[in-house]
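The values are calculated or read from the model by the stated rules, or taken from the named source; none is laboratory data. As the structure is a computational prediction, the values presented were derived from the model and not from experiment. A quick note on method: Cβ atoms are made from the backbone with ideal geometry, for glycine too, and the neighbour counts reach across all protein chains shown.
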Amino acid sequence: MNPIATKVAVIGTGISGAVCASTLAKNGFSVTVFESGRGPGGRMSRRREIAEDGRELYFDHGAPYFSTTNADVEEMIRGWEARGFVAEWKQNFGSFDFITKRFVDFEKEGLNKKYVGIPGMNSICRALCQEHGIESKFGVTVGSLEWLQNNDSWSLKDSNGQDLGQFNGVVASDKSTFSQRFTQMTRKPPPLDLKLIPGLANMNKEVPVRPCFALMLAFENPLSSIPVRGFSFENSNVLSRAFCESSKPGRSTSSERWVLHSTEQYAESIIARAGLQKPSDEALSEIAEELFREFQKTGLDVYVPFFKRAHRWGSAFPAASIAGDEKCIWDGTKKLAICGDFCVSPNVEGAILSGLTAASIFSETFSRL
Ligand SMILES: Cc1cc2nc3c(=O)[nH]c(=O)nc-3n(C[C@H](O)[C@H](O)[C@H](O)COP(=O)(O)OP(=O)(O)OC[C@H]3O[C@@H](n4cnc5c(N)ncnc54)[C@H](O)[C@@H]3O)c2cc1C
């Protein structure tokens, strides 16, 4: 089958969906991406906030950076660096021990290369979704997928039942498309009923997830008592990591901005108390206070920020990988691929590998038709 005539829908523009869409478009497919959010990025999103005095502030409130040891991913990153939307974050990193109140490990600069999107983590997904051969539809939640036996294609509808078109193949890049999580969020059944796909009927549908709260902070002046620009916390039940946002390449340095991550244990305890529904602004303010107080308990000279806000990631990290060495789930009869970090490993590298694999299976399959 001629790829140009082959229409593929990619659901989700996190890094797995964006890499998959970009690779499919390069291989000549006609690609439409659908994304529930207002823009691309998923868990590599960039958050825009306005401080009380009207100042605009940006935070990578999801993944702060990513690393890789895979040659294919490295080659891809070289290309992104050349196009100017990725750069290495060259700073000092370490870890802080809550018991001794000291920085205990310092990582040598450049030892484990850390990459960031420029000017925000979402820039990578944004650039990929703008490539030739891709039509991007943001603010559109795919609500149902129906296999049309008679013409060997998928019919997609949004969450209000509006027609989104017919496609020869579909890539679903979020576990919520087939799990109860979609139902918890929307009170509707998940768009993809795996029972209708014989090859996938026995697949593990409920991928366990680990939550996390992110705390965004902006200070007028540098926190000069902190000798590194990113660190993990040891022996804290509340905080796990901290990153100085404004030390990343391509960011504004007009204020010093930090993003702190809670431990999974802390996030679980909040969710156990408050449930999975979206937290109110009041609840988020209390959480922000609690996380900030823990930051102050380090004994580091952390003065009062002019901006402080918490964000909840209910499914920050998958706690299982469901595709093993295959790296994505594939149904050749119905031309359906499922990809994402939950197929490989709970990080950007795993998501990229999964998206790349889904695209290459599509290309091989359609080149044989
Ligand atoms: C706080 C935090 C810290 C992290 N730290 C790191 C780190 O240091 N290093 C690292 O490598 N990784 C880190 N990660 C993990 C990394 O962000 C993820 O592994 C990666 O971004 C996952 O990409 P993905 O494409 O698989 O999924 P996602 O980014 O979740 O993308 C899925 C997309 O699908 C969309 N979608 C879902 N359902 C529908 C629907 N029905 N219709 C339309 N769109 C839909 C969603 O809106 C979303 O945009 C972190 C994540 C978080 C949250």
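Checked against (1) of a type in the set (A, V, I, L, M); (2) away from the ligand (no atom under 11 Å from the Cβ); (3) part of a strand (DSSP E or B), Val171 passes all but condition (2). All but one of (1) within 13 Å of the ligand (Cβ to nearest atom); (2) out of contact with any Ser or Thr (no Cβ under 9 Å at 6 or more places or on another chain); (3) not assigned by TED's automatic domain parsing to the domain that holds Ala18 hold for Leu223; which doesn't? Leu223 satisfies all of (1) within 13 Å of the ligand (Cβ to nearest atom); (2) out of contact with any Ser or Thr (no Cβ under 9 Å at 6 or more places or on another chain); (3) not assigned by TED's automatic domain parsing to the domain that holds Ala18 except (1). Restricted to the range 10-32, and to residues that are farther than 13 Å from Ala127 by Cβ and of a type in the set (A, V, I, L, M), which residue is surrounded by the most Cβ atoms within 10 Å (Cβ to Cβ)? Looking at the filtered set, the residue picked out is Val10.
Here the condition is being within 15 Å of the ligand (Cβ to nearest atom), surrounded by 13 or more Cβ atoms within 10 Å (Cβ to Cβ) and in the same structural domain as Val104 (by TED's automatic domain parsing); of Lys297, Lys248, it holds for Lys248 alone. Is the range 349-364 home to any residue that is within 13 Å of the ligand (Cβ to nearest atom), outside any helix (DSSP H, G or I) and touching a residue at least 24 places away in the same chain (Cβ under 8 Å)? No - not one qualifying residue is present in the range 349-364. When Pro249, Pro279 are checked against the criterion of being at pLDDT below 95, assigned to a loop (DSSP other than H, G, I, E, B) and touching a strand residue (DSSP E or B) at 6+ places or on another chain (Cβ under 6 Å), Pro279 stands alone in meeting it. Number of residues in the range 149-158 that are over 23 Å from Ile329 (Cβ atoms) and in a loop (DSSP other than H, G, I, E, B) equals 0. Looking across the range 62-98, just one residue is among the hydrophobic types (A, V, I, L, M, F, W, C), closer than 20 Å to Gly350 by Cβ and surrounded by fewer than 17 Cβ atoms within 10 Å (Cβ to Cβ), and that is Ala71. Counting only residues that are surrounded by 17 or more Cβ atoms within 10 Å (Cβ to Cβ), touching a Ser or Thr at 6+ places or on another chain (Cβ under 6 Å) and in a strand (DSSP E or B), the range 99-148 holds 2 of them. Just a yes or no: is a residue in the range 1-9 surrounded by fewer than 20 Cβ atoms within 10 Å (Cβ to Cβ), small (Gly, Ala, Ser), closer than 23 Å to Arg368 by Cβ and in contact with a strand residue (DSSP E or B) (Cβ under 9 Å, 6 or more places away or on another chain)? Looking through the range 1-9, at least one residue is surrounded by fewer than 20 Cβ atoms within 10 Å (Cβ to Cβ), small (Gly, Ala, Ser), closer than 23 Å to Arg368 by Cβ and in contact with a strand residue (DSSP E or B) (Cβ under 9 Å, 6 or more places away or on another chain). Looking only at the range 142-168, residues that are more than 12 Å from the ligand (Cβ to nearest atom) and aliphatic (A, V, I, L, M) come to 1 in all.
Check Gly42, Gly12 and return the single one that is within 14 Å of the ligand (Cβ to nearest atom) and within 30 Å of Phe295 (Cβ to Cβ). Just a single option satisfies the conditions, and that option is Gly42.
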